[in-house]
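Participant: Starting off with a structure, shown below.
Taken together, the values in this text are just the output of simple stated rules run on the coordinates, not laboratory data. Model, not experiment: these values are computed from the prediction. All Cβ positions, even for glycine, are placed from backbone atoms using ideal geometry, and neighbour counts span all protein chains on display.
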Amino acid sequence: MNTQKLLVTGLLSMATLASCQNNANQENTQKEQVKTELAATTADSLDTLTTSIPVDSANKMINSYLTSISGQSNQLNSLIVDAGSLRRYLSNTNIKHVKLMFAHTLNYINNGHSGQNAAYTSGALTLIIAGYDANGNYVLDSKGGVEDYMMPCPQQCPTAGSAANSTITQ
């Protein structure tokens, strides 16, 4: 009787171990498959948190957006943020990710448009930039705030240099 119990327990243990190893192997195979698929995917089809994309992909994305708003006056093309301010904020090493949140400008709200759709109106839209830590908690700057004060383009676009273009040129 004890021998049968030991045999059954041993077989169950082996089956469980084999199942766990099989699951681990399947998981590793799936991870490798995803890596292979990502490596084979062209950069302009990746919408992920990458550190950089090629200029041609960036221009393709920008042109698509600009085409979607063409023919409409005063549509927001871009937002310009002060690099020094952003650098100071992001120098906090607790910040692991940055969240960009669409928002209405205070000027738009204070002119009686709170809660009203601004569509893509330049001067009515901004981005709030808020970093957050590894635990998903917002990290405030030294003044207890987050980043904004972006200049809308058109209205305050660069007029000289390659940044005067709507797309990225060298």
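Participant: Let me have the relative contact order for segment 61-170, percent, based on Cα pairs under 8 Å that are six or more residues apart. Mind showing how you got there, number by number?
Facilitator: On the way: 144 pairs, mean separation 36.6, N = 110.
Relative contact order here is 33 percent.
Participant: Here is a follow-up. Can you pull the one-decimal nm distance between simple spin-label points at Thr67 and Asn94, each 7 Å off the Cα toward Cβ?
Facilitator: 4.5
Participant: Turning to a different aspect of this structure: Which far-off residues, 5 or more places away or on another chain, put their amide H under 5 Å from the one on Lys99, with H placed in the peptide plane?
Facilitator: Hits under the 5 Å cutoff: Ala130, Gly131, Tyr132.
Participant: Could you give me the ³J(HN,Hα) list for segment 152-162, computed from phi with Karplus coefficients 6.51, -1.76, 1.60 and θ = phi - 60°, whole Hz, x at Gly and Pro?
Facilitator: My calculation for segment 152-162 gives x, 10, x, 2, 10, 7, x, 10, 10, x, 5 Hz in order.
Participant: What ³J(HN,Hα) values, in whole Hz, does the Karplus curve 6.51 cos²θ - 1.76 cosθ + 1.60 give for segment 77-92 when θ = phi - 60°, with x put for Gly and Pro?
Facilitator: 8, 6, 10, 10, 10, 5, 5, x, 5, 5, 4, 4, 4, 7, 6, 6
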